[in-house]
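The values are calculated or read from the model by the stated rules, or taken from the named source; none is laboratory data. Note that the structure is predicted; figures quoted are calculated from it, not measured. Note that we place each Cβ from the backbone using ideal geometry, even for glycine, and neighbour counts take in every protein chain shown.
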DNA sequence: CAAAACATAGGGGATTTCCCCTAATTTGCA
DNA sequence: TGCAAATTAGGGGAAATCCCCTATGTTTTG
């Protein structure tokens, strides 16, 4: 770590008290200075464009632009600012999305402040950071996702199920036997690890966006 | 209509050809001039903030910011620019959402250009515009929505159904007879005008956000 | 080319949903 | 206070689902 020059941090979070507290904490550290703290994603993006901080610590849920929107813009304009998400979200899907958009670290707000310092130091060295717990969850999630390889016919069947058609109706529109649709249905439930129509519809509506 | 001064129009749509065509059409009219045409919602918002056109003709599906996002900002900053949505979407829920966010008119892209002129003239007079067909659909939709008065127990039952529980399992967690859950289910399907589990889950996931 | 995966279709049966109906209590509101 | 709505529960039966299984032809892939 360069002693003569503090690393420049931007904070974006729509909760003012949290923001002030975080700023104070970070500024106690010798290696970091907070150059700006803002309350929404648009302000964050403006500040990042203008000042290119070393690290942007972003909330996900923010007014106007979300943290996802901001990191997307950073990637688009190839800015050197590295993003750390600091969010209350515990949903592994959200976390996966954030990291795949190009963030270097993801911390939950309930983690210790030391974790943030650690994350910032690692991120500056070009490494990503994730708590051990989240890392486990994430790899399980990504592993489970790749097994969701639905075949073309299974996808078609699923989309009809999600639209509310019965097996008989699906068989008619796809010009197939009801038994074939029943098979697709069984295979879908096996692959997606659900037990009934409700689970299939849930998957179709929540995990994919094209229904 | 003021003859000496043309009304200033902004167009936002991510399809360039459509945009150019629309600009040409509008500029043939004597009463309107296109001050800007842009390809995404962020550019639209910037231009609206800067120039406050009389009317913004917006697509809904656009990069960076959606048309919904733009109209939300216009409302938030109380700008005088009036929004007309011009979209391919035919889904009455989308249309309802757009109008309830504060748009003055909604036109489908497949409607005649004259409709747009008519809509623009009405919008300038502070009136909203909707094709007769869409107006009928919309009032039916809004009427049907208010009848979706689900009782407390029906709502509970629905949320369990949407989570994938069977009637038997729901009966257990709610300490009721399976037959009671079956009744709730039947009543739900009647009220929501769907025919099966898939329809119930769809409603729970798409019409409410707390699942 | 051979193996694996996919798509098709059927048997058969347990379980669940779907959809009528009746009916007793309880709750809420005018 | 009284009536309407809500909640509970059940009978009964048709339909659909869920979940095993086998089997044959096609397509994809190493």
Counted residues, the range A:125-167 - those being within 14 Å of chain B (Cβ to nearest Cβ) and at pLDDT below 90: 1
Working only within the range B:178-202, note down all residues that are within 11 Å of DNA strand C (Cβ to nearest atom) and free of Cβ contacts under 8 Å to residues at least 12 places away in the same chain. B:178, B:179, B:180, B:183, B:186, B:189, B:190, B:194, B:195, B:196, B:198, B:199
Scan the range A:100-138 for residues that are over 20 Å from residue A:75 (Cα atoms) and in a loop (DSSP other than H, G, I, E, B) and jot them down. A:109, A:110, A:111, A:112, A:131
Residues within the range A:157-169 that are in a helix (DSSP H, G or I), more than 8 Å from DNA strand D (Cβ to nearest atom) and buried (at least 16 other Cβ atoms within 10 Å of the Cβ), tallied: 4
Among (1) near DNA strand C (Cβ under 7 Å from one of its atoms); (2) within 13 Å of chain B (Cβ to nearest Cβ), the one test that residue A:170 misses: (1)
Within the range B:96-111, is even one residue within 14 Å of chain A (Cβ to nearest Cβ) and either loosely packed, with under 15 Cβ neighbours inside 10 Å or in contact with a strand residue (DSSP E or B) (Cβ under 8 Å, 6 or more places away or on another chain) (or both)? no
Residue in the range B:3-20 that is modelled with the highest pLDDT, counting only those that are out of contact with any strand residue (DSSP E or B) (no Cβ under 8 Å at 6 or more places or on another chain) and surrounded by 13 or more Cβ atoms within 10 Å (Cβ to Cβ): B:14
Out of the residues in the range A:173-211 that are surrounded by 21 or more Cβ atoms within 10 Å (Cβ to Cβ) and away from chain B (no Cβ under 12 Å), which is farthest from the chain's Cα centre (by Cα)? A:181
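Residue by residue, here is whether (1) touching a strand residue (DSSP E or B) at 6+ places or on another chain (Cβ under 8 Å); (2) closer than 16 Å to residue B:13 by Cβ; (3) part of a helix (DSSP H, G or I) holds:
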{"site": "B:36", "(1), (2), (3)": "yes, yes, no"}
{"site": "B:44", "(1), (2), (3)": "yes, yes, yes"}
{"site": "B:47", "(1), (2), (3)": "yes, yes, yes"}
{"site": "B:53", "(1), (2), (3)": "yes, yes, no"}
{"site": "B:61", "(1), (2), (3)": "yes, yes, no"}
{"site": "B:68", "(1), (2), (3)": "no, yes, yes"}
{"site": "B:71", "(1), (2), (3)": "yes, yes, yes"}
{"site": "B:79", "(1), (2), (3)": "no, no, no"}
{"site": "B:83", "(1), (2), (3)": "yes, yes, no"}
Only one of (1) on the phi < 0 side of the Ramachandran plot; (2) modelled with pLDDT of 85 or more; (3) not assigned by TED's automatic domain parsing to the domain that holds residue B:69 is not met by residue B:193, so which one is it? (1)
Every residue from the range B:85-95 that is part of a loop (DSSP other than H, G, I, E, B) and either buried (at least 17 other Cβ atoms within 10 Å of the Cβ) or touching a helix residue (DSSP H, G or I) at 6+ places or on another chain (Cβ under 7 Å) (or both): B:89
Taking residue B:149, is it away from DNA strand C (no atom under 11 Å from the Cβ), without any contact (Cβ under 8 Å) to a residue 60 or more places away in the chain and either within 26 Å of residue B:93 (Cα to Cα) or not assigned by TED's automatic domain parsing to the domain that holds residue B:93 (or both)? yes
Within the set of pairs 6 or more residues apart or between chains, which connect a residue that is outside the structural domain of residue A:114 (by TED's automatic domain parsing) inside the range A:74-91 to a residue that is at pLDDT 90 or above with Cβ atoms less than 6 Å apart? none
